[in-house]
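The values are calculated or read from the model by the stated rules, or taken from the named source; none is laboratory data. Source: prediction; values computed, not measured. Glycine gets a Cβ as well: all are built from the backbone with ideal geometry, and neighbour counts include every protein chain shown. Heavy atoms of the whole protein, side chains included, go into the accessibility calculation; ligands, DNA and RNA do not. Shrake-Rupley method; radii C 1.70, N 1.55, O 1.52, S 1.80 Å.
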Amino acid sequence: METLDLRVRIGALELQNPVLTASGTFGYAKEFEPFLNLNRLGGIIVKGISLEPRAGNPPPRIVETACGMLNAIGLENVGIERFISEKMPYLRTLTAPLIVNILGDSLDDYRELARRLDEVPGISGIEVNISCPNVKKGGVAFGAVPEMAAAVTAVVRGATRLPLIVKLSPNVTDITVMAKAVEAAGADAVSLINTLIGMAINAETRKPRLANIIGGLSGPAVKPIALRMVWQTAQAVQIPVIGIGGISTADDAVEFFLAGATAVQVGTANFYDPSAAEKIVAGLEEYLQRHNEERISTLIGALDTGGK
Ligand SMILES: Cc1cc2nc3c(=O)[nH]c(=O)nc-3n(C[C@H](O)[C@H](O)[C@H](O)COP(=O)(O)O)c2cc1C
């Protein structure tokens, strides 16, 4: 096979390959420079940024669970000012597209973040984390109510021309309802899943293992749920779906493409193998060769359900 074509399109954004890093698991990218060639990645998504810096939750904030981990980092981040002045100069030197993940407590926060980022050179897209409480609406997560998810999407859409990815929470009854709501409000793509809310208890001490008591579950343990949600969502919307959840090998990524994902994000795997994302890119090339395929795009939605 002469040339392999791993390119995919997320709205107006063309990626050289469909492998991105998941927000909160890849720092601000520079931390991973010793471990992989950042420019081999399809895209880099950095830690969620809020208007003001956040200290996050007290420790312990991470606990290992069967085939996964629970985290309650509490969205610690440097805030938009320091992100632009301290992190962007390095990120701008990379050729891999940079997608900035944002989070807020109110619609005004999201609007302001999008407006600020729209003016910053070197940003290829915005991913909106809607799994955060709306403090003006009694702390219900934006991502739990279709009207609130649509409202966040609409204010961000109105504040930036950048490609807009809305990251969906799996902690809902029907994720396709949320996907359709944000699609109608102007999202260019949806990414899913964020972490599933869980908890861990130490039987000996009778105490919670996380200081925050509850936290977000991620890693291979969540992959079957993520796959199911991606599969259902891909059938419900016209916009591209980006699959996230327990992806640590090229085969995992292929499963998400077959379920209908156009691209994938690698999260928890970065913690135990910081070069995982680059290995997945190489593994996808090898998969295409082995299956005599030229283009990754032929895999998207190609699940053979035997007519079901
Ligand atoms: C330690 C940690 C921090 C995270 N921080 C964020 C964040 O700031 N914003 C966000 O949208 N998702 C965040 N996530 C969720 C991941 O991006 C991803 O959606 C989730 O972990 C599922 O993928 P995985 O199983 O490959 O880790 C975080 C996950 C972990 C484990």
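Couple of notes before you dig in:
- A cut-off under 10 angstrom between Cβ atoms defines the neighbours of Lys87, and their net charge, with Lys, Arg +1 and Asp, Glu -1, is +3.
- Cβ-defined net charge surrounding Ala282, 15 Å radius [Lys, Arg +1; Asp, Glu -1]: -3
- Accessible surface for Glu31 stands near 90 Å², nearest 10, in the context of the full protein assembly shown (1.4 Å probe).
- Working from label points 7 Å from Cα in the Cα-to-Cβ sense, the Gln289 to Asp273 distance is 1.8 nm.
- Computed over the chain, relative contact order equals 20 percent, with contacts defined as Cα pairs under 8 Å that lie 6+ residues apart.
- Highest mobility in the GNM of the chain, judged by mean-square fluctuation with C-alpha springs under 10 Å and restricted to Thr25, Thr262, Thr233, is found for Thr25.
- Per-residue ellipticity at 222 nm computed for the chain from its helices equals -8000 deg cm²/dmol, with DSSP H segments shorter than 4 residues left out and the rest contributing -39,500 (n - 2.57).
- Of the trypsin sites (Lys or Arg not before Pro) found in the stretch 1-101, those that fall in a DSSP loop while having at most 15 other beta-carbon atoms within 10 Å are Arg7, Arg92.
- In summary, the helical segments of the chain meeting the span-like criteria, namely a full DSSP H run, a Cα extent along the axis of 15 angstrom or more and a mean Kyte-Doolittle hydropathy of at least 0.5, are 146-159.
- Under the Karplus curve 6.51 cos²θ - 1.76 cosθ + 1.60, θ = phi - 60°, whole-Hz ³J(HN,Hα) for the stretch 292-308, x wherever Gly or Pro sits: 6, 10, 9, 10, 5, 4, 5, 7, 5, x, 8, 4, 9, 9, x, x, 7
- Residue ranges 102-110, 134-142 sort as 102-110, 134-142 when ordered by packing (mean number of other C-beta atoms within 10 Å per residue, highest first).
- Sites Asp174 and Arg9 - FRET efficiency at Förster radius 30 Å, r taken between beta-carbons, to 0.05: 0.65
- Across all Cα pairs in the stretch 8-299, the calculated P(r) in 5 Å bins from zero up to the longest distance comes to 1, 6, 13, 17, 20, 18, 14, 7, 3, 1, 0, 0 percent per bin.
- Here r is the Cβ-Cβ distance between Glu64 and Tyr90 and R0 is 45 Å; the resulting FRET efficiency, rounded to 0.05, is 0.90.
- Extension gain (nm, one decimal) between Phe35 and Glu147, 0.36 nm per residue minus Cα-Cα: 36.1 nm
- Residue among Pro240, Pro170, Pro59 with the largest mean-square fluctuation in a Gaussian network model of the chain, springs linking Cα atoms under 10 Å: Pro59
- Accessible area of the stretch 8-299 divided out per residue, in Å², using a probe of 1.4 angstrom: 41 Å²
- With all protein chains in place and a 1.4 Å probe, the accessible surface of the chain carries 53 percent carbon and sulfur.
- Net charge, Asp304 excluded, C-beta distance under 15 Å - Lys, Arg +1, Asp, Glu -1: -1
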